[in-house]
Amino acid sequence: MIHSEISNHRMVAQKLFEKDSCSPQEVVKHFGAMQAQDYAMAKWAIGSRCNSTEKEIEEAINSGKIIRTHILRPTWHFVSPDDIYWMLELSAPQLRKLAISGAKKFNVNENKLRQMNKSIEKLLTGNNHLTRPEIMQELGVKKTASDNFLGAAIMMNAELDGLVCNGEMKGKQITYALLEERVKKPNTSLTKEEALAKLAQRYFESHGPATLLDFSWWSGFAPTICQKAINAIELQLNKITIDNQQYWFKKEVFSKDNFREGVHFLPAFDEILISYKTREASFSGDHQSKTFTNNGIFKPIILENGKVIGIWKRTFKKDHVKIETEFFNETEKHKKEVLFEAIKDFEKYLEMKITIE
């Protein structure tokens with residue numbers, strides 16, 4: 001393997017070269033956690049890796065087969081019910097500091113947050129799924145622009161305490177539900193070392209080849225901690241050194257038969273970019289600034305053979321969806337026709353007619 005082939009290997013690990021018959025929840029479990037703060041785009045991140053429609057993925061989320069909560073890094077992620085408790089127990093302590101700090105800016109201390117958690121539990125008990133504004137109204141938190149930040153800190157703290165997670169959607173509004181009413185708490189738990197090793201194994205098998213710093217960025221843990229996790233599982237992984245940098249990946253050797261030409265229209269914040277500390281392997285030229293900003297905003301991308309060749313956006317119309325594309329380099333007409341064929345998967349996923357500009 002050489003550096004230019006890393007993106008091909010990642011495409012295979014990330015289930016982008018070959019769609020299989022796996023369910024949406026199996027896709028999420030494969031990754032361990034998938035960044036999901038842009039809810040609509042995050043659903044397509046799942047849909048681009050299986051044959052499910054948006055409605056089917058929405059149903060998996062509504063029914064609790066996929067959980068959406070704050071975990072690993074201080075943002076929403078999709079996570080499997082099988083993984084939610086051990087992963088939350090592992091990552092919540094460091095994230096709660098951020099939630100507590102955010103609440104303190106509004107003179108809400110830890111004791112007050114504990115009291116609010118008790119109130120939230122009473123409000124949601126009995127599968128009573130409520131939106132954040134509904135919960136804040138019951139807690140007496142005013143509906144102002146600044147208090148929206150307080151509401152976010154309160155609910156993030158409740159998530160990290162293992163009290164709440166996503167509930168069923170109310171139209172287009174996201175709700176909260178009690179986690180233990182959606183996912184039964186297991187009788188046993190992992191030690192921190194066991195959980196870190198399990199997290200590392202899941203990451204490198206679904207994202208590799210990747211480096212120590214990539215895993216540190218994705219997991220939210222310091223490189224020294226991540227190195228110990230890698231040491232614990234190194235015999236279960238393959239590794240290769242390129243330019244004095246070690247890359248870790250799943251034990252099975254990828255055949256070049258897996259590497260076939262392909263084009264993908266992928267969502268903003270997709271794991272193919274967001275889950276790595278550095279992203280040079282996904283670019284042929286200097287186009288990263290057109291794809292994501294310094295303050296962490298990632299745009300939807302067009303990927304050809306593992307390389308980002310452009311960006312796109314969608315606009316919902318009355319009876320169709322309009323897709324606008326921007327290619328970084330001039331693209332030949334016949335090649336564009338091939339590229340536009342790739343959008344048909346998105347059309348099937350949305351179950352709506354698509355026009356391309």
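The values are calculated or read from the model by the stated rules, or taken from the named source; none is laboratory data. What you see is a predicted model; the values in this text were computed from it and never measured. For neighbour counting, all protein chains shown are included, and Cβ atoms are generated from backbone atoms with ideal geometry for every residue, glycine included. Just so you know, the surface numbers come from the protein's heavy atoms only, side chains and all, with ligands and any DNA or RNA stripped out. Shrake-Rupley method; radii C 1.70, N 1.55, O 1.52, S 1.80 Å.
Condition test on GLU159, is it open to solvent by 10 Å² or more (accessible area, probe 1.4 Å) and within 20 Å of the chain's Cα centre (by Cα)? Let's see the steps before the verdict.
Details: open to solvent by 10 Å² or more (accessible area, probe 1.4 Å): no; within 20 Å of the chain's Cα centre (by Cα): yes.
So GLU159 does not fit the description; no.
I'd like the residue in the range 188-212 that is part of a loop (DSSP other than H, G, I, E, B) and either among the hydroxyl-bearing types (Ser, Thr, Tyr) or in contact with an Asp or Glu (Cβ under 8 Å, 6 or more places away or on another chain) (or both) and, out of all such residues, is least open to solvent (accessible area, probe 1.4 Å). Spell out how you get there, then give the answer.
Taking the range 188-212 first, the residues part of a loop (DSSP other than H, G, I, E, B) are 188-191, 208-209, 211.
Subset that is either among the hydroxyl-bearing types (Ser, Thr, Tyr) or in contact with an Asp or Glu (Cβ under 8 Å, 6 or more places away or on another chain) (or both): 188-191, 211.
Values: THR188: 112, SER189: 83, LEU190: 64, THR191: 67, THR211: 11 Å².
Result: THR211.
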### Message
Looking only at residues that are surrounded by 23 or more Cβ atoms within 10 Å (Cβ to Cβ) and either hydrophobic (A, V, I, L, M, F, W, C) or assigned by the TED database to the domain that holds SER206 (or both) in the range 42-57, which one is nearest to ARG279 (Cα to Cα)?
### Response
ALA45
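For residues that are small (Gly, Ala, Ser) and open to solvent by less than 10 Å² (accessible area, probe 1.4 Å), scanning just the range 87-105, find the one that is nearest to LEU163 (Cα to Cα). Give the steps one after another, and end with the answer.
Filtering the range 87-105 down to residues small (Gly, Ala, Ser) leaves 91-92, 99, 101-103.
Filter again for open to solvent by less than 10 Å² (accessible area, probe 1.4 Å), leaving 91-92, 99, 103.
Numbers: SER91: 15, ALA92: 12, ALA99: 14, ALA103: 17 Å.
Taking the candidates together, the pick is ALA92.
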### Task
Go over the candidates ILE2, ILE6, ILE67 one by one and state the one that is surrounded by 18 or more Cβ atoms within 10 Å (Cβ to Cβ), over 15 Å from CYS165 (Cα atoms) and in contact (Cβ under 8 Å) with a residue 60 or more places away in the chain.
ILE6
### Message
Checking ILE323 against (1) in contact with a Lys or Arg (Cβ under 7 Å, 6 or more places away or on another chain); (2) of a type in the set (A, V, I, L, M, F, W, C); (3) loosely packed, with under 14 Cβ neighbours inside 10 Å, only one condition comes out false. Which one?
### Response
(3)
### Task
Keeping to the range 303-320, report how many residues are out of contact with any Asp or Glu (no Cβ under 7 Å at 6 or more places or on another chain), touching a residue at least 40 places away in the same chain (Cβ under 8 Å), outside any loop (DSSP other than H, G, I, E, B) and not charged (D, E, K, R).
1
### Task
Would you check which residues across the range 127-138 are of a type outside the set (A, V, I, L, M) and open to solvent by less than 20 Å² (accessible area, probe 1.4 Å) and list them?
THR131
### Query
Residues in the range 213-228: is at least one modelled with pLDDT of 95 or more, open to solvent by 30 Å² or more (accessible area, probe 1.4 Å) and part of a loop (DSSP other than H, G, I, E, B)?
yes
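Considering every residue within the range 264-284, establish whether at least one is more than 20 Å from ASP38 (Cβ to Cβ), exposed (fewer than 11 other Cβ atoms within 10 Å of the Cβ) and in contact (Cβ under 8 Å) with a residue 40 or more places away in the chain. Even if it seems obvious, please write down each step before you answer.
At the first step, the residues of the range 264-284 found to be more than 20 Å from ASP38 (Cβ to Cβ) are 277-278, 280-281, 283-284.
Okay, now just the ones that are also exposed (fewer than 11 other Cβ atoms within 10 Å of the Cβ), so none.
Checked against the condition, which is being more than 20 Å from ASP38 (Cβ to Cβ), exposed (fewer than 11 other Cβ atoms within 10 Å of the Cβ) and in contact (Cβ under 8 Å) with a residue 40 or more places away in the chain, the range 264-284 yields no hits at all.
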### Message
Only one of SER206, SER216, SER189 is more than 19 Å from ASN117 (Cβ to Cβ), touching a Gly at 6+ places or on another chain (Cβ under 7 Å) and not aromatic (Phe, Trp, Tyr). Can you tell me which?
### Response
SER206
### Query
Within the range 343-355, is even one residue over 19 Å from MET41 (Cα atoms) and either part of a strand (DSSP E or B) or without any contact (Cβ under 8 Å) to a residue 60 or more places away in the chain (or both)?
no
#### Entry: Qualifying residues in the range 106-126 (those that are polar (S, T, N, Q) and open to solvent by less than 60 Å² (accessible area, probe 1.4 Å)) - the one nearest to the chain's Cα centre (by Cα)
ASN117
### Message
Give all pairs with beta carbons closer than 9 Å in which a residue from the range 23-41 that is farther than 12 Å from VAL79 by Cβ and outside the structural domain of LEU199 (by the TED database) meets a residue that is assigned to a helix (DSSP H, G or I) and open to solvent by 30 Å² or more (accessible area, probe 1.4 Å); count only pairs at least 6 apart in sequence or on separate chains.
### Response
SER23/GLU56; PRO24/GLU56; PRO24/GLU59; ALA40/GLU54
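Can you pull out every residue in the range 307-320 that is among the aromatic types (Phe, Trp, Tyr) and open to solvent by 60 Å² or more (accessible area, probe 1.4 Å)? Give the steps one after another, and end with the answer.
The initial filter retains those residues of the range 307-320 that are among the aromatic types (Phe, Trp, Tyr), namely 312, 316.
Scanning the range 307-320 gives a single hit, PHE316.
Within the range 321-340, can you find the residues that are over 26 Å from the mean Cα position of the chain (by Cα) and in a helix (DSSP H, G or I)?
Taking the range 321-340 first, the residues over 26 Å from the mean Cα position of the chain (by Cα) are 329-338.
If the condition is that a residue be over 26 Å from the mean Cα position of the chain (by Cα) and in a helix (DSSP H, G or I), then LYS333, HIS334, LYS335, LYS336, GLU337, VAL338 are the ones that fit.
State all residues of the range 326-357 that are within 22 Å of ASP286 (Cβ to Cβ) and surrounded by fewer than 11 Cβ atoms within 10 Å (Cβ to Cβ); if no residue qualifies, say none. Walk me through how you get there before you give the answer.
Applying the first criterion (within 22 Å of ASP286 (Cβ to Cβ)) to the range 326-357 yields 326-332, 335, 339.
Result: ASN329, GLU330, GLU332.
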